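Here's the structure, in structure tokens; my notes come after.
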Amino acid sequence: MSLNKPFPLFPPYVDLCEFDLEDYPELNELFSANEPWWLEQFNWGKVFLTYIGRNKSEHTYDRFRNDVERFLLWAFIEKQKPIDQLRKSDFLEYADFCWQPPVHWIGTSNQERFRITHGYSSANEHWFPFKIQAPKSLKSQYVVDKKKYRPSQQTLTSMFTAIIAFYNYLMSEDYCVGNPAQIAKKDCRHFIIDSQVKEIKRLTASQWQYVLDTAVEMADENPVFERNLFVIAALKTLFLRISELSERPNWSPVMSNFWQDEDENWWLKVFGKSRKLRDITVPIDFLPFLERYRTSRGLLGLPASNENSILVEKVRGQGGMTSRHLRRLVQSVFDQAYENMRISESANKALKLKEASSHWLRHTGASMEIERGRPLKDISEDLGHASMATTDTVYVQSENKKRAESGKRRKVD
């Protein structure tokens with residue numbers, strides 16, 4: 001394995017739990033052939049990420065893995081210096097590296113890190129630590145230029161957050177005596193103070209209606225799409241994250257997660273971020289979608305309190321669907337809704353359906369309920385926000401709307 005080319009270090013969390021270097025001969029050979037601190041600090045990363053995977057969500061593990069992996073690779077290949085010897089100036093150098101990495105560190109698609117070959121895990125040569133992709137709405141005609149890669153402010157913030165947490169963990173275990181990332185953050189020249197008007201990534205009422213109508217039409221024509229309709233309706237109406245419908249190592253959503261209280265109100269129990277359980281109110285209008293989905297699976301009526309049927313099951317095989325599979329269900333509806341709206345109205349009005357992700361449905365549902373006047377406190381609790389201020393910051397745009405309306409009346413003369 002070339003030392004000039006970056007290589008994957010850490011597998012998915014489910015494989016990291018039983019990680020054995022003997023199953024990764026390329027990594028084993030690499031660590032054997034280089035400085036002893038490579039293996040030592042790889043193990044620091046492994047222990048830290050195991051802690052994150054055990055105590056946080058799968059999404060958080062994946063995000064921290066990306067940043068810790070890049071950082072260690074930079075220390076191994078570029079800086080060639082143990083991370084416990086790095087200082088503030090070194091970390092500012094790393095921030096510059098992340099701002100404009102070499103093109104041979106950049107890929108143009110999502111790739112798995114390892115592939116199984118003859119019973120062993122081998123590095124996927126098409127995997128890279130950084131990624132640049134064509135905008136979702138322009139994939140067919142967009143030529144990707146790796147030299148134009150620049151991380152977003154959110155990506156930079158995420159990088160500092162992960163590495164600061166990594167060093168804090170190493171300090172708590174007496175591996176390091178200081179946190180250069182924490183000290184360097186305020187002096188990073190790539191951060192921009194942002195006072196822009198924030199635009200929520202959501203669908204308009206018209207776009208949402210096309211999505212819903214399309215999902216209903218697809219399900220009416222072929223029962224296999226009943227699952228797509230249920231997922232679409234649940235994400236938007238119940239303000240769900242895609243992970244909250246998915247099968248995870250420590251949680252499997254089942255039908256009895258829908259439950260009814262003594263006043264005959266329906267709720268859905270979900271396992272959300274930070275390993276927190278919460279109950280979401282289920283509106284009456286959602287129940288017909290739940291019933292028709294259950295009917296398509298041969299389940300009668302609404303869920304019983306002891307019903308352990310998988311909530312969103314695989315078509316083939318056993319168990320529930322992963323987040324990746326659920327996103328594909330949503331994307332198939334978005335693609336068809338885009339075509340329907342493009343033909344009926346215009347490509348410009350339908351454009352957001354090309355850009356949208358499954359998470360837009362959560363934003364769309366919450367934003368629409370705020371516009372309908374539902375109490376912000378109730379919406380915040382259904383969203384699972386720790387503070388109502390978060391909901392207010394992310395979703396409430398009333399002051400900006402007033403500002404925009406008054407701005408329209410400015411005169412040239």
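Taking the conditions exactly as written (in the same structural domain as L30 (by TED's automatic domain parsing), assigned to a helix (DSSP H, G or I), polar (S, T, N, Q) and surrounded by fewer than 13 Cβ atoms within 10 Å (Cβ to Cβ)), does Q133 satisfy them or not? For Q133, the condition - in the same structural domain as L30 (by TED's automatic domain parsing), assigned to a helix (DSSP H, G or I), polar (S, T, N, Q) and surrounded by fewer than 13 Cβ atoms within 10 Å (Cβ to Cβ) - is not met. Restricting attention to the stretch 222-240, the residues that are surrounded by fewer than 20 Cβ atoms within 10 Å (Cβ to Cβ) and in contact (Cβ under 8 Å) with a residue 40 or more places away in the chain add up to 2. When the stretch 11-26 is filtered for residues that are within 19 Å of R70 (Cβ to Cβ), touching a strand residue (DSSP E or B) at 6+ places or on another chain (Cβ under 8 Å) and part of a helix (DSSP H, G or I), only E26 remains.
Restricting the first member to the stretch 314-331 and to residues that are in contact (Cβ under 8 Å) with a residue 12 or more places away in the chain and on the phi > 0 side of the Ramachandran plot, and the second to residues that are among the hydroxyl-bearing types (S, T, Y) and surrounded by 15 or more Cβ atoms within 10 Å (Cβ to Cβ), the beta-carbon pairs closer than 9 Å and six or more apart or on different chains are G319/S252.
The values are calculated or read from the model by the stated rules, or taken from the named source; none is laboratory data. Since we're looking at a predicted model, the values are computed, not measured. Methodologically, a virtual Cβ is constructed for each residue, glycine included, from the backbone with ideal geometry; neighbour enumeration extends over all protein chains shown.
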